[in-house]
Amino acid sequence: MDINEFPILEFDESRVAIIEATNFIKPKEEFEYCVITFFRDVIEKMKTEGKLKEVASLHCETVDLPIYETYYQGKKVHITLGYLGAAGSAGFLEELIAYGFQKFIVCGGAGVLQKDIAVGHVIVPVSAVRDEGVSYHYIKPSREVECNLEVLKFIEDDFNIHNIRYIKAKTWTTDSFYRETKEKVELRKAEGCITVEMEAAAFMAVSQFRNVKLGVILYGGDDLSGVEWDSRSWNSRSEIRENLVQISMRICSSL
């Protein structure tokens, strides 16, 4: 392949890599629907309530993340914690797909780039600005990666049926939350981003490459729109987080 001035742009279209998750993970029966959430508190509460059964685990050198079996209105769904950051998220998504999962809903929080977006307001990303590294190894270089349109419509239809107010917009995925400068924020706002997070572009790119269904649902968290960062106590909104996991399970189990 041709050498590029910037290695990140040296996209290889080969479908086979030297290491594949399927080399060491075998599919399991009834592994089809999977919710990936970044809300550890919700997982812990569901465990305490006896609603989760551990059936497998995702491993790396620093952390093991259990895969749990649960039910939503009688239908089996699996749920696991997300790995913080694009690279870990992509790797664990590959392994979940190797286990046999084909339908995913990811739910988490995101920083907001508009002050009028309240804490807890539901946001559905239609695309993600690719300011991370993983997506460039899965799909050709471009400024953005789009969400699966079929899943996006399914999420919107569900929200409309259940009268859930939401914002549909673009998100900014970046590897480095300590380098979200004022200038970068203004640039992303100018191109239509209303949230910032660390995983959406990777999730969208991997799911596109592996041809699985995946959608992302976020809620408005900390505020990066002003001169100073405002945490807005976004990660202590337990009811919002629990509701979003339940909504994600409902949508995922019906995909």
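Rounded to a whole number, what % of the accessible area of the chain do carbon and sulfur atoms account for, probe 1.4 Å?
Of all accessible area on the chain, carbon and sulfur atoms account for 51 percent.
Take the alpha-carbon centre of the stretch 49-107, take the same for the stretch 5-23, and report the distance between them in whole Å.
Taking the Cα centre of each part, the stretch 49-107 and the stretch 5-23 sit 24 Å apart.
Is the shape of the stretch 25-68 rounded, prolate or oblate, going by the alpha carbon gyration tensor and its root eigenvalues a ≥ b ≥ c, with a/c under 1.5 for rounded and a/b larger than b/c for prolate?
Numbers: a/c = 1.93, a/b = 1.25, b/c = 1.55.
The shape class here is oblate.
Considering only the chain, what is the antiparallel percent among its DSSP beta bridges, to the nearest 5?
That works out to approximately 40 percent antiparallel.
Which entries of LYS153/LYS213; LYS53/LYS213; LYS28/LYS53 show an alpha-carbon separation above 18 angstrom in the structure shown? If you can, show how the numbers build up before the last one.
Details: LYS153/LYS213 12 Å; LYS53/LYS213 24 Å; LYS28/LYS53 15 Å.
Correct reply: LYS53/LYS213.
Under a Cβ-Cβ cut-off of 12 Å, what is the net charge of the residues other than VAL134 that fall near it, where Lys and Arg count +1 and Asp and Glu count -1?
Numbers: positive: ARG130; negative: GLU94, ASP131, GLU132, ASP175, GLU199.
With Lys, Arg at +1 and Asp, Glu at -1, the net is -4.
Leaving out same-chain residues fewer than 8 places away, which aspartates and glutamates sit with a Cα under 15 Å from that of LYS76?
Here the aspartates and glutamates satisfying the reach criterion relative to LYS76 are GLU29, GLU30, GLU32, GLU54.
Hey, can you rank 174-181, 206-213 by average C-beta count inside 10 Å, highest first? Intermediate values should be presented prior to the final figure.
Working: 174-181: 13.0, 206-213: 18.2.
Final packing ranking: 206-213, 174-181.
Among all the aspartates and glutamates, which ones have a C-alpha under 17 Å from LYS182's C-alpha, if same-chain residues fewer than 8 places away are not counted?
Once the sequence-local aspartates and glutamates are set aside, what remains near LYS182 is ASP131, GLU191, GLU197, ASP222, ASP223, GLU228, ASP230.
Sorted by average packing, counted as other Cβ atoms within 10 angstrom per residue and highest first, what order do 90-99, 132-141 take? Intermediate results must be reported in sequence, preceding the final value.
Numbers: 90-99: 22.0, 132-141: 18.6.
Per-residue Cβ counts within 10 Å, averaged per peptide and sorted highest first, yield 90-99, 132-141.
Assuming a ≥ b ≥ c are the square roots of the Cα gyration tensor eigenvalues, decide whether the stretch 136-183 counts as rounded (a/c under 1.5), prolate (otherwise, with a/b larger than b/c) or oblate. Spell out each step's value before the answer.
Working: a/c = 3.61, a/b = 1.60, b/c = 2.26.
It comes out oblate by the Cα gyration axes.
Report the local net charge at ALA21: Lys and Arg +1, Asp and Glu -1, summed over other residues whose C-beta lies under 15 Å from its C-beta.
Result for the neighbourhood of ALA21: +1.
Are there any trypsin sites (Lys or Arg not before Pro) in the stretch 1-106 that are in a DSSP loop and have at most 10 other Cβ atoms within 10 Å? List them by number.
Numbers: sites: ARG15, LYS28, ARG40, LYS45, LYS47, LYS51, LYS53, LYS75, LYS76, LYS103; in loops: ARG15, LYS28, LYS51.
Sites meeting the loop and neighbour criteria: ARG15.
Counting alpha carbon pairs within less than 8 Å and at least 6 residues apart, what relative contact order, in whole percent, applies to the chain? Numbers along the way, then the final one.
Details: 481 pairs, mean separation 67.1, N = 255.
Computed value for the chain: 26 percent relative contact order.
Can you list, bin by bin at 5 Å, the percent of alpha carbon pairs in the stretch 96-137, starting at 0?
Taking all Cα pairs of the stretch 96-137, the binned fractions are 5, 13, 18, 20, 22, 12, 7, 3, 1 percent.
With the cut-off at 1.5 for a/c, could you classify the chain from its C-alpha gyration tensor as rounded, prolate or oblate?
Details: a/c = 1.60, a/b = 1.04, b/c = 1.53.
It comes out oblate by the Cα gyration axes.
The values are calculated or read from the model by the stated rules, or taken from the named source; none is laboratory data. Quick caveat, the model's predicted, so the values are computed rather than measured. As a convention, Cβ positions derive from the backbone with ideal geometry for all residues, glycine included, and neighbour counts pool all protein chains shown. These area figures cover heavy atoms from the full protein model, side chains too; ligands, DNA and RNA do not enter into them. Shrake-Rupley method; radii C 1.70, N 1.55, O 1.52, S 1.80 Å.
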